[in-house]
1. What list of ³J(HN,Hα) values in whole Hz, one per residue of segment 81-94 in order, does the Karplus curve 6.51 cos²θ - 1.76 cosθ + 1.60 (θ = phi - 60°) give from phi, with Gly and Pro shown as x?
2. Within 10 Å, count the other beta carbons around each residue, average over each peptide in 198-205, 278-285, 249-256, and list them highest first.
3. Please report Rg (one decimal) and Dmax (integer) in Å for the Cα set of segment 241-319.
4. Which order do the peptides 147-158, 291-302, 234-245, 114-125 come out in when sorted by mean C-beta neighbours inside 10 angstrom, highest first?
5. Work out how much length residue 108 to residue 213 would gain on full extension: take 0.36 nm times their residue separation and subtract the Cα-Cα distance, in nm to one decimal.
6. Summing Lys, Arg as +1 and Asp, Glu as -1, what charge do residues with Cβ under 12 Å from the Cβ of residue 283 carry, residue 283 excluded?
7. For the chain, what does the helix formula give at 222 nm: sum of -39500 (n - 2.57) over DSSP H segments with n ≥ 4, over the residue count, nearest 500 deg cm²/dmol?
8. How big is segment 61-203 on each of its three principal axes, counting only the C-alpha atoms and giving the largest first in Å?
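The values are calculated or read from the model by the stated rules, or taken from the named source; none is laboratory data. These numbers were taken from a predicted model, which means no experiment stands behind them. Here Cβ is always computed from backbone atoms with ideal geometry, including for glycine, and neighbour counts include all displayed protein chains. Each accessible area value is taken on the protein alone, full model and side chains, heavy atoms only, with ligands, DNA and RNA left out. Shrake-Rupley method; radii C 1.70, N 1.55, O 1.52, S 1.80 Å.
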Amino acid sequence: MAMGKGAGFLAVVVAGLVLQAARVAGAQTTLRVGFYNQTCRTAESIVADEVQKAAAADRSILASFIRLHFHDCFVNGCDGSVLLDAADGQAEKNAQPNLTLRGYEVVDRIKARLETTCKETVACADILAFAARDSVKLSGGFGYAVPAGRPDGTVSRASMTGDLPPSNQRSVDVLLQYFSRKGLSLDDMVILSGAHTVGVVHCGTFGYRLTSDAEKGMDAAYRTSLRSQCNFNANNKVPMDAGSQYAFNSSYFANVLANRTAIESDVALNSPRTVDKVRQWKNNPDWFKASFASAMVKMGGIRGTYGGKVRVNCRRVRT
């Protein structure tokens, strides 16, 4: 298909944004694009193949991979520690904010194939970064080059998950503190929140917002719809992006502006400090996709704290 002038310009912009973010990541760690070109040339294609198979069986899994990478990077850095099990049941995955994370079995399948093809070579942390990128692309976002070379972490404790931004916080200033501690900016916070354009949220996460018609920050008709979908069941799930839960697009920002978001950290973006960016990304979907790709690379460069050997099994530390 021929590429028009506008599309060509956009491709250059995307490449520039990702290259700039890759340089930032490279300055923070030893990451580089094409890290496995010599040691495991099929690494990224194996990850992409398994993610595609998983999505064919359950399209909602794509949002789960993006969320896994985010939750991994915000605790101990991007080191795959969110995948680890703990004998006492107190690993990161056992903490309250992580109880609804999914996709571990798919990561296991990816790792098993990689171990057969390239033994003890591809880090579990890199698998999460590749899977998140592939999920963005399969959902309709832009693909992007992923710098790799992350060491797998050796520590995973539920008590360390306090670095995860709370979903029940609607103060931009408070939320920004969580991102700033990771070297991420206000713009990064807003654009990464755009991951909520795909996926679902459990009613138990926001049910308290449905108890009063006077609750500020929620459209009345939307509240009625949520009450019907939740039906007093905390385990029920609703789309994060009402009307567009599988498509990676800018409708999430339209919902933020219309007060049609379930969790308070999304409500926070409809505030004076961030609303202009929300409007801009709502009105420029390709810019949103390009900016999101850049922010994901930047987030993926957050340094791990407890680096160790490449794991043979992503659930266990290699001794």
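1. 5, 5, 8, 6, 8, 10, 4, 8, x, 10, 7, 3, 5, 8
2. Those peptides, ordered most packed to least, come out 249-256, 198-205, 278-285.
3. 17.6, 52
4. 291-302, 147-158, 114-125, 234-245
5. 33.3 nm
6. That works out to +1.
7. -14500 deg cm²/dmol
8. That works out to 47, 39, 31 Å along the principal axes.
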